[in-house]
1. Near PHE105, within a Cβ-to-Cβ distance under 15 Å, what is the net charge of the other residues, with Lys and Arg +1 and Asp and Glu -1?
2. Tell me, what is the FRET efficiency for ILE5 and TYR174 to the nearest 0.05, using R0 = 35 angstrom and their Cβ-Cβ distance as r?
3. Along the Cα→Cβ direction, 7 angstrom out, place labels at ASP38 and GLN158. What is the inter-label distance in nm?
4. Sort 27-33, 87-93 by the packing proxy (mean of other Cβ within 10 Å over each peptide's residues), most packed first.
5. How much length is gained on full extension from TYR139 to HIS82, taking 0.36 nm per residue of separation minus their Cα-Cα distance?
6. Evaluate the relative contact order of the stretch 53-150 (contact order divided by residue number), counting alpha-carbon pairs under 8 angstrom at least 6 apart; express in whole percent.
7. Within the stretch 126-161, which residues have the backbone N less than 18 Å from the label spot 7 Å out from VAL90 along Cα→beta-carbon, could you tell me?
8. What are the radius of gyration and Dmax of the stretch 53-150, computed over its Cα atoms and given in Å?
Amino acid sequence: MGKKIGIAVGIIILVAALVVCLIPLKTVAYTVMVDYQDTETYYEDEPYQLPLDYEVTKSYVGQDTITHETSTVIGGIGESHHTWEETIPVACVVVQNIDTISGTFNVSFSVSEPLDELFLHRTLSLDPNEAQTAECPAYELGDWNYEVTPSTKTEYKQVEKQRTVTKQRPETRYKEVTLLDYLLHYY
């Protein structure tokens, strides 16, 4: 009978040892870092082109004097020079740069003459607050008009943008451990 009790006690100890060592009995918490996607807002300087500021301070019809010269040779003997002046109308546009930087200003003229239409372009290079006159001479000035095209400057504006970024956050998780593991590592 003593042997049976010893075997029974041995079996009980073995079962108890197996329960303590192998069967999860205790819940423990642990922390892990988990990736997640988030939207981030940021600001960026974005360039854009802006025409220079200018002002047409005056447009008018002026006059210009043209000097003509001719030479005539008659029979190879003598040469005759003839000079005369002619006054012609001139379309004039005064452009002033009212911007803070220097630039060019293209003035395009369209002039109607009795037999033809004349197109002429003048380029003015102007410093800030400087004014110059663009002129378009014509032998007979009918209707005329003009268009001013300024150069541009680069300016910057803040633009809100968004992007997706990966971030990490701690997350608590739970697991079942054996009583022996719990006593050795978590207690």
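Every number here is computed from the coordinates shown, using simple stated rules; none is lab data. Since the structure is predicted, the reported quantities are computational estimates derived from the model, not experimental observations. Glycine also receives a Cβ, built like all others from the backbone with ideal geometry; neighbour counts cover every protein chain displayed.
1. Neighbour charge sum, excluding PHE105 itself: -4.
2. Working: r = 41 Å, r/R0 = 1.18.
So the FRET efficiency works out to roughly 0.25.
3. A separation of 2.1 nm, rounded to one decimal place.
4. So the order, starting with the most tightly packed, is 87-93, 27-33.
5. Numbers: separation 57, 0.36 × 57 = 20.52 nm, distance 2.05 nm.
Extra length available between TYR139 and HIS82 comes to 18.5 nm.
6. Averaging sequence separation for qualifying contacts and normalising by length gives 30 percent for the stretch 53-150.
7. 131-142, 144-146
8. Computed over the Cα atoms of the stretch 53-150, radius of gyration and Dmax are 18.5, 64 Å.
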